[in-house]
1. For Gln393, only one of the following conditions fails: (1) within 30 Å of Leu320 (Cα to Cα); (2) buried (at least 20 other Cβ atoms within 10 Å of the Cβ); (3) among the polar types (S, T, N, Q). What is its number?
2. Restrict the check to region 439-451 and report whether at least one residue is over 17 Å from Leu483 (Cα atoms), without any contact (Cβ under 8 Å) to a residue 24 or more places away in the chain and surrounded by fewer than 16 Cβ atoms within 10 Å (Cβ to Cβ).
3. Examine region 521-529 for a residue that is under 21 Å from Asp387 (Cα atoms), crowded, with 19+ Cβ neighbours inside 10 Å and touching a Pro at 6+ places or on another chain (Cβ under 6 Å), and state whether such a residue exists.
4. Does region 401-436 hold any residues that are open to solvent by less than 20 Å² (accessible area, probe 1.4 Å) and under 35 Å from the mean Cα position of the chain (by Cα), and which are they?
5. Could you tell me whether Ala285 is touching a residue at least 24 places away in the same chain (Cβ under 8 Å), hydrophobic (A, V, I, L, M, F, W, C), under 24 Å from Asp389 (Cα atoms) and assigned to a strand (DSSP E or B)?
6. Would you mind stating whether Asn268 is modelled with pLDDT of 85 or more and either under 28 Å from Asn526 (Cα atoms) or touching a Phe, Trp or Tyr at 6+ places or on another chain (Cβ under 8 Å) (or both)?
7. Consider Lys460 against the criteria (1) free of Cβ contacts under 8 Å to residues at least 40 places away in the same chain; (2) farther than 30 Å from Asp247 by Cα: it satisfies all of them except one. Which criterion is unmet?
8. Of the residues that sit in region 288-308 and are open to solvent by 70 Å² or more (accessible area, probe 1.4 Å) and more than 48 Å from the chain's Cα centre (by Cα), which one is farthest from Leu386 (Cα to Cα)?
Amino acid sequence: MAGGHRGGGGGRSVPLRNFFTYRIFVSAMFTLLFLVTVSVLFTANPYASPHDREPVLPMTRTPMNSYVHRTFLAIKSDPLKTRLDLIQKQANDHIALINAYAAYARKLKLENSKQLRVFEDLIRSFTDITSKPSYKSSLFDTEASIDEEVLKQFDKEVKDRVKNARQLISEAKESFDNQLKIQKLKDTIFAVNEQLTKAKKQGAFSSMIAAKSIPKSVHCLAMRLVEEKLAHLEKYVDTGPKPEFEDPNLYHYAIFSDNVIAASVVVNSAVKNAKEPWKHVFHVATDRMNLAAMQVWFKMRPAEGGAHVEVKAVEDYTFLNSSYVPVLRQIESANLQRFYFENRAENATKDANNLKFRNPKYLSMLNHVRFYLPEMYPKLHRILFLDDDIVVQKDLTGLWNIDMDGKVNGAVETCFGSFHRYAQYMNFSHPLIKERFNPKACAWAYGMNFFDLDAWRREKCTEDYHYWQNMNENRTLWKLGTLPPGLITFYSTTKPLDKSWHVLGLGYNPSISMDEINNAAVIHYNGNMKPWLDIAINQFRPLWTKYVDYEMEFVQMCNFGL
């Protein structure tokens with residue numbers, strides 16, 4: 001039983017061994033066939049004739065060679081051809097880079113024209129090297145093997161040009177970077193200038209608003225004074241004119257203001273520095289709105305030393321009406337109202353300088369009554385006109401001793417170099433102005449003017465003023481303001497005074513020397529930075545505030561100066 005079993009098992013294993021032997025044989029045959037096929041593919045050209053079994057160059061243009069060249073298995077491709085391709089690629093890359101820098105150089109200014117020519121020459125040299133017959137025939141237009149010596153020479157020439165190209169690009173990059181920075185800086189400067197111009201316009205407008213608005217403390221003071229009068233009418237009854245107001249032997253001043261505190265400083269500073277204050281008479285004219293406040297102030301705080309103060313409203317001078325005064329008629333005209341209050345293109349302020357000519361103060365008659373001094377004070381021979389933004393620092397009676405040489409107006413001239421001459425204030429393209437006046441004539445300052453009223457009447461200056469004011473109704477001779485018509489009216493009748501009498505600019509120029517200020521008889525805060533405003537120039541403000549009457553109860557109640 002055991003022997004039969006073993007014999008039966010051995011019979012069944014023979015076919016099984018034969019089956020595995022057959023499979024191994026078939027696998028071996030297929031493997032051998034695959035290897036032979038691969039060997040044939042890489043050792044022979046199937047498209048070549050049976051007699052031509054030589055290996056061919058991989059760069060030939062037969063379909064098989066193209067296929068073999070593109071295959072990652074092309075282990076027998078010509079290494080010199082690959083090297084040639086790399087050299088060509090390096091040259092083409094640098095040509096493209098040079099072209100890019102040359103294009104940028106064309107956009108720059110003429111100083112880069114030489115550099116542009118160098119770029120173009122270098123590009124041309126790259127092109128010329130590939131066009132050389134020796135290289136063309138040996139390297140590019142042949143299917144034969146590449147001559148290694150020729151390739152080395154080609155490589156050397158290309159490398160020389162690549163070296164030059166890199167050096168040129170390095171220099172150009174630095175130059176272009178600098179020029180790009182310069183251009184960016186120019187653009188930045190231009191943008192900043194634009195912003196600065198805009199800021200100047202906005203600043204000038206804001207400054208004008210700040211300068212011409214009434215500070216809370218000043219408004220409070222005026223209201224307190226009016227309230228005081230209403231509460232005690234019997235204390236402030238007008239007693240009528242005093243004989244001193246018309247005495248030609250006294251020293252007379254004219255002050256036109258709607259600012260109580262400012263007018264009080266002018267009077268206070270003049271009196272404190274006068275040698276004989278009882279001989280000084282101050283004629284203060286204001287508008288109807290501020291008349292009560294002015295009257296109460298000078299009633300409660302009379303001038304020291306026996307000085308005399310007359311307070312009147314402009315409306316009290318009945319001859320100042322629109323039928324006699326051209327400015328009043330023009331102020332009431334619809335044309336001037338449109339100029340000030342309508343928002344049209346013609347009213348647009350194009351620069352900061354034009355803002356001041358659109359100042360509402362030019363609509364106030366207080367700004368123009370200075371041209372009617374002889375009619376306002378018919379019994380006087382001489383009078384000193386003072387603006388309300390001045391401070392008197394010395395006795396001014398010496399002005400009455402000056403020989404006026406028959407002139408009407410004594411004033412300090414303001415011209416230096418080409419500044420503040422007639423051409424700056426009037427339109428010399430107008431034939432009437434061009435014919436009558438010299439554009440280089442020296443201008444003078446309003447603010448402290450000594451007038452000989454007898455000479456004024458003799459020269460008929462008010463009539464001249466009316467003539468020119470009527471001629472300028474459409475504002476073609478000069479812009480708004482009182483200085484241009486003053487320069488015209490007193491063109492040949494002004495006597496220059498020594499500059500120490502009147503120093504200007506404390507309201508806009510912080511560079512004025514303190515020596516010049518201390519030596520001045522009168523200092524003038526002309527400009528927007530008035531001393532009673534928060535925008536005042538700090539170093540000049542104490543010269544004004546020391547004459548403010550801080551002991552006055554209403555000044556304290558209104559927190560003036562805080």
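1. Of everything listed in (1) within 30 Å of Leu320 (Cα to Cα); (2) buried (at least 20 other Cβ atoms within 10 Å of the Cβ); (3) among the polar types (S, T, N, Q), Gln393 misses just condition (1).
2. No, region 439-451 contains no residue that is over 17 Å from Leu483 (Cα atoms), without any contact (Cβ under 8 Å) to a residue 24 or more places away in the chain and surrounded by fewer than 16 Cβ atoms within 10 Å (Cβ to Cβ).
3. yes
4. Result: Val412, Tyr422, Met426, Ile433.
5. yes
6. yes
7. All conditions are met except number (2).
8. The selected residue is Lys299.
The values are calculated or read from the model by the stated rules, or taken from the named source; none is laboratory data. Fair warning: this is a prediction, and the values are worked out from it, not measured in the lab. A quick note on method: Cβ atoms are made from the backbone with ideal geometry, for glycine too, and the neighbour counts reach across all protein chains shown. When the accessible area is computed, the model is the full protein with side chains, heavy atoms only, and any ligands, DNA or RNA have been set aside. Shrake-Rupley method; radii C 1.70, N 1.55, O 1.52, S 1.80 Å.
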